[in-house]
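J.: Can you keep this structure in mind? I'll have questions shortly.
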Amino acid sequence: MTRSPRIEQYGLIGDQQTSAHVCDDGAIDWLCLPRFDSPAVFARLLGTEQHGFWRIAPASVGAGHEAGTVAERRYCGTSLVLESIWRTPAGSVRVIDFMPPRDGTARVVRIVEGQAGTVEMVSVMRPRPGYGSVSPWIHEAGRRMVAEAGADSLWLDAGVPQAEKDGAIVSAFTVAAGQRLAFTLHWRPSHIGRPEVPDPAAALASTLAFWQNWARQCTYEGPYREAVVRSAITLKALTHAPSGGIVAAPTTSLPEEIGGERNWDYRLVWLRDAATTLTALLGAGYRQEVQAWRRWLRRAVAGDPENLQIMYGITGERDLPERVLPWLPGYEGSAPVRVGNDAVRQLQLDVYGEVIDTLDLAHHRGVPPCPDTAVLHERLIEQLARRWQEPDEGIWEIRGARRHFVHSKVMAWVAVDRTIRLVEADALDMPLSPLIELRATIHHEVCIQGFDPGRNTFTQSYGSRELDAATLLIPRVGFLPPDDPRVVGTVDAVRRELSTADGLVHRYATRGNRTGLDGLAGDEGAFLLCSFWLVDALALTGRLDEARTLFEHLLALRNDLGLLAEEYDPAAGRQLGNFPQAFSHAGLIQSAQLLQSLSPPPSPLLAPTPIPTVPSCQQTA
């Protein structure tokens with residue numbers, strides 16, 4: 001059995017409706033069409049070659065993940081266009097992968113460009129719709145290859161001869177220096193006619209222009225601009241442009257522990273994750289995304305805020321049943337592979353705080369007001385006032401008994417506090433006195449029942465001794481000032497009990513507890529968002545040098561393309577969990593912004609570090 005590539009060996013391309021994962025061996029191993037949450041047509045990421053892939057690479061390196069990897073790869077400037085350089089004894093070749101912004105047809109374009117010598121190449125595409133479960137009918141249609149199965153059809157255009165072989169579409173060809181060949185894969189509903197023959201060069205030019213124009217809007221000019229811009233582009237790539245929904249990640253079931261069962265579908269829109277993403281984008285100068293998400297939020301919640309869900313489908317779907325795909329063995333044998341998410345039925349009181357905090361920030365950042373959203377806001381606060389004293393499943397979606405989680409109560413306080421701010425700014429028309437009284441009541445209860453005076457730390461839940469990294473947010477959200485001894489004590493306790501040797505942070509204790517606090521067996525890696533929260537907490541409590549050191553360590557954990565998964569395993573030195581993760585990239589942006597705001601202003605003689613451009617990509621266009 002060939003080894004699986006590490007998660008960090010993948011790059012991301014996308015068209016803001018779906019995305020593809022491109023491995024550094026030249027294979028696209030994950031592609032869901034036509035949406036992020038559609039069944040994958042290439043699913044080798046969670047299985048084997050028999051579950052679908054599309055590889056373009058020099059013939060001399062053979063096939064499979066162990067055969068060889070690219071010598072160099074990068075994104076073309078501030079875009080989501082990926083280039084991979086192969087070097088062989090016969091010459092060198094560049095493969096440019098991208099997905100043009102959707103014009104009605106989902107497309108993956110792969111341009112092969114000779115750079116030196118003459119290189120023998122091979123393209124092998126094994127389409128397997130239905131998450132690798134269906135063998136399509138592959139046939140030729142007017143010098144084009146098409147794979148059809150049920151409602152799906154995949155059309156492959158190439159500038160070289162193609163043939164079907166053992167359930168795959170195969171092309172063997174050579175490319176000389178200066179020569180360019182293009183492969184374009186189209187998805188179409190199978191009952192609709194064939195797509196138009198593409199113009200790959202024009203598609204590349206328009207795709208580069210789209211991403212580079214969007215990236216120019218970033219207002220962050222601090223020392224970590226390259227990392228912030230790359231993270232912002234990644235977050236934009238996780239946004240479903242037609243609806244405004246933002247997925248937590250574009251993958252399902254990448255494990256939090258190799259061989260473990262903590263494998264979840266993140267191709268859905270969590271209110272919390274989307275709000276955190278928008279907070280980061282607002283801080284970087286982006287406004288349109290929050291306006292689109294507000295419209296999505298109104299449609300998703302509709303006239304039913306009493307039954308607010310923690311997540312919805314990409315276009316606001318409510319029914320998201322969780323099921324297992326038994327034919328997929330899982331990433332490195334990490335089973336089960338799940339689609340859908342049963343956590344949709346959970347009560348998580350903190351989402352009120354994250355949503356309302358984002359609406360408040362949008363107001364203060366100059367996003368035009370929306371009367372319909374204001375009405376929804378008022379109804380959400382009315383609902384929270386009735387429910388905030390209930391136990392819930394909390395931010396980490398435990399699958400055990402409900403508890404009075406401290407973080408949930410703190411975020412309930414945030415929801416009320418931000419509502420008060422908006423009323424005081426005449427952005428909402430609500431009575432102030434009941435809100436002020438409710439805010440004080442929640443604050444008092446948390447400080448009494450959620451704090452352990454013996455250890456000088458806030459705990460995970462009322463009356464517990466366990467700690468929770470989410471309490472690191474207490475100073476960031478303004479619940480207590482950073483110099484409050486209880487805040488400092490909580491930061492120190494989390495570092496002492498939940499941190500790894502190199503400073504990364506676990507969400508809560510799981511190691512060695514086979515019937516964990518969350519109702520699940522097994523362990524997990526350090527949670528990258530929590531590690532960024534520690535950066536923020538250290539910076540706010542006056543330990544700016546320590547905060548910067550940890551932040552730069554986290555930057556070093558990104559892969560060569562600047563991407564982060566959900567978690568990191570310090571012992572194995574590898575990323576874990578769904579990839580790339582919106583939480584991680586939003587945390588990176590927010591920490592960079594906070595470090596900049598707390599640092600002395602730079603010398604006017606020092607200009608910000610320019611973002612490197614890639615002239616060769618422009619020339620190809």
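J.: Quick one: dipole size for the stretch 432-516, taken about the Cα centre, charges +1 on Lys/Arg Cβ and -1 on Asp/Glu Cβ, in debye to the nearest 20. Numbers along the way, then the final one.
T.: Working: 10 positive and 10 negative charges, 60 e Å.
I would put it at about 300 debye.
J.: Next question. Within the stretch 520-543, which residues have the backbone N less than 14 Å from the label spot 7 Å out from ASP484 along Cα→beta-carbon, could you tell me?
T.: Within reach of a label on ASP484, which here means backbone N under 14 Å from a point 7 Å along Cα→Cβ, the stretch 520-543 contributes 541.
J.: Would you order ILE381, ILE85 from fewest to most other beta-carbon atoms within 10 Å of each residue's own beta-carbon?
T.: ILE85, ILE381
J.: In nanometres, what is the gap between the two model label sites at LEU347 and ARG323, each 7 Å from Cα along Cα-to-Cβ?
T.: 3.0 nm
J.: With charges only on Cβ, +1 for K and R and -1 for D and E, what is the dipole size of the chain about its Cα centre, in debye, rounded to 20?
T.: Using only the charged Cβ atoms, the result is roughly 820 debye.
J.: How would you rank 7-19, 215-227, 149-161, 263-275, highest first, on the average number of other Cβ atoms within 10 Å across their residues?
T.: Answer by packing, highest mean first, reads 263-275, 7-19, 149-161, 215-227.
J.: Within the stretch 137-154, name every residue whose backbone N is under 19 Å away from a label modeled 7 Å from Cα of ASP166 along the Cβ vector.
T.: Backbone N within reach: 137-139.
J.: How far is helix 485-498 tilted, in degrees, relative to the longest principal axis of the Cα atoms in the chain, given as a value from 0 to 90 rounded to the nearest 10?
T.: Relative to the chain, helix 485-498 is tipped by roughly 40 degrees.
J.: Now for a separate question. VAL81's amide H: which non-local residues (gap 5+, or another chain) put their own amide H closer than 5 Å, with H modeled 1.01 Å from N in plane and none for Pro or chain starts?
T.: Counting only residues 5 or more places away or on other chains, the set is CYS76.
J.: When only Cα pairs under 8 Å and 6 or more residues apart are kept, what is the percent relative contact order across the chain? All intermediate terms of the calculation are to be shown ahead of the outcome.
T.: Values: 1366 pairs, mean separation 80.9, N = 621.
Relative contact order for the chain comes out at 13 percent.
J.: Could you size up the charge dipole of the stretch 120-173 around its Cα centre, putting +1 on the beta carbon of Lys and Arg and -1 on that of Asp and Glu, and report it in debye to the nearest 20? Provide the component values of the computation, followed by the final result.
T.: On the way: 5 positive and 7 negative charges, 8 e Å.
With Lys and Arg at +1 and Asp and Glu at -1, about 40 debye.
J.: Provide the packing ranking of 487-496, 201-210, 187-196, 561-570, i.e. peptides ordered by the mean count of other C-beta atoms within 10 Å per residue, highest first.
T.: Ranked from most to least packed, the peptides come out as 561-570, 487-496, 201-210, 187-196.
J.: Follow-up. Applying the Karplus parametrisation 6.51 cos²θ - 1.76 cosθ + 1.60 with θ = phi - 60° to the phi angles of the stretch 17-24, what ³J(HN,Hα) value in whole Hz is obtained for each residue in order, glycine and proline being reported as x?
T.: 9, 7, 8, 10, 9, 10, 7, 6
J.: Let me ask something else. Roughly how tilted is helix 350-364, in degrees to the nearest 10 and between 0 and 90, from the longest Cα axis of the chain?
T.: Helix 350-364 sits roughly 80 degrees off the main axis of the chain.
J.: Sort the following peptides by mean Cβ neighbour count (other Cβ atoms within 10 Å, averaged over residues), highest first: 382-389, 77-84, 366-373. Could the numbers behind the result be given before it?
T.: Values: 382-389: 16.0, 77-84: 23.5, 366-373: 12.4.
Per-residue Cβ counts within 10 Å, averaged per peptide and sorted highest first, yield 77-84, 382-389, 366-373.
J.: Per residue of the stretch 136-149, in order, report the coupling 6.51 cos²θ - 1.76 cosθ + 1.60 (Karplus, θ = phi - 60°) as ³J(HN,Hα) in whole Hz, putting x for Gly and Pro.
T.: In residue order, the calculated couplings are x, 7, 9, 7, 8, 9, x, 6, 10, 9, 9, 10, 10, 7 Hz.
J.: I'm a student and want to see the number: the projected area of the Cα convex hull of the stretch 217-598, averaged over all directions, in nm².
T.: 17.5 nm²
J.: Pop out the Kirkwood hydrodynamic radius of the stretch 7-212 from its pairwise C-alpha distances, inverse of mean 1/r, in Å to one decimal.
T.: Radius from the Kirkwood sum: 16.8 Å.
J.: Which cross-chain or sequence-distant (5 or more) residues have an amide H under 5 Å from the amide H of ASP265, H modelled 1.01 Å from N in plane?
T.: Amide H to amide H, under 5 Å and 5 or more residues apart or across chains, ASP265 pairs with SER253.
J.: Based on the Cα gyration tensor of the stretch 259-380, what are the three equivalent ellipsoid semi-axes, each the root of five times an eigenvalue, rounded to whole Å and given largest first?
T.: 31, 16, 11
J.: Taking the 0 to 90 degree range and rounding to the nearest ten, how far is the long axis of helix 371-387 tilted relative to the main principal axis of the chain, both from C-alpha atoms?
T.: For 371-387 against the chain, the angle is about 60 degrees.
J.: Still on this model: Tell me, what is the FRET efficiency for ARG194 and ALA151 to the nearest 0.05, using R0 = 22 angstrom and their Cβ-Cβ distance as r?
T.: Plugging the Cβ-Cβ distance into 1/(1 + (r/R0)^6) gives 0.90.
J.: Now for a different question. Normalising by the residue count of the stretch 245-323, find the relative contact order in percent from Cα pairs under 8 Å and 6+ residues apart.
T.: So the answer I get is 30 percent.
J.: Now for a separate question. For SER190, what charge total do you get from the other residues with a beta carbon under 9 Å from its beta carbon, if Lys and Arg give +1 and Asp and Glu give -1? All intermediate terms of the calculation are to be shown ahead of the outcome.
T.: Details: positive: ARG188; negative: GLU148, ASP152.
Local net charge: -1.
J.: Whose amide H sits under 5 Å from the amide H of GLU322, counting only residues 5 or more places off or on another chain, with H placed in the peptide plane?
T.: Amide H to amide H, under 5 Å and 5 or more residues apart or across chains, GLU322 pairs with ASN341, ASP342.
J.: Related question: I need the phi-derived Karplus couplings for the stretch 331-338: 6.51 cos²θ - 1.76 cosθ + 1.60, θ = phi - 60°, integer Hz, Gly and Pro marked x.
T.: Per residue, the Karplus-derived 3J(HN,Hα) values read 5, 6, x, 8, 10, x, 8, 10 Hz.
J.: Over the stretch 139-227, what is the relative contact order in whole percent, taking alpha-carbon pairs under 8 Å and six or more residues apart?
T.: Values: 83 pairs, mean separation 21.1, N = 89.
It rounds to 24 percent for the stretch 139-227.
FYI, it's all coordinate maths here, none of it is from the lab. Here the structure is a predicted model, which means the values were calculated and not measured. All Cβ positions, even for glycine, are placed from backbone atoms using ideal geometry, and neighbour counts span all protein chains on display.
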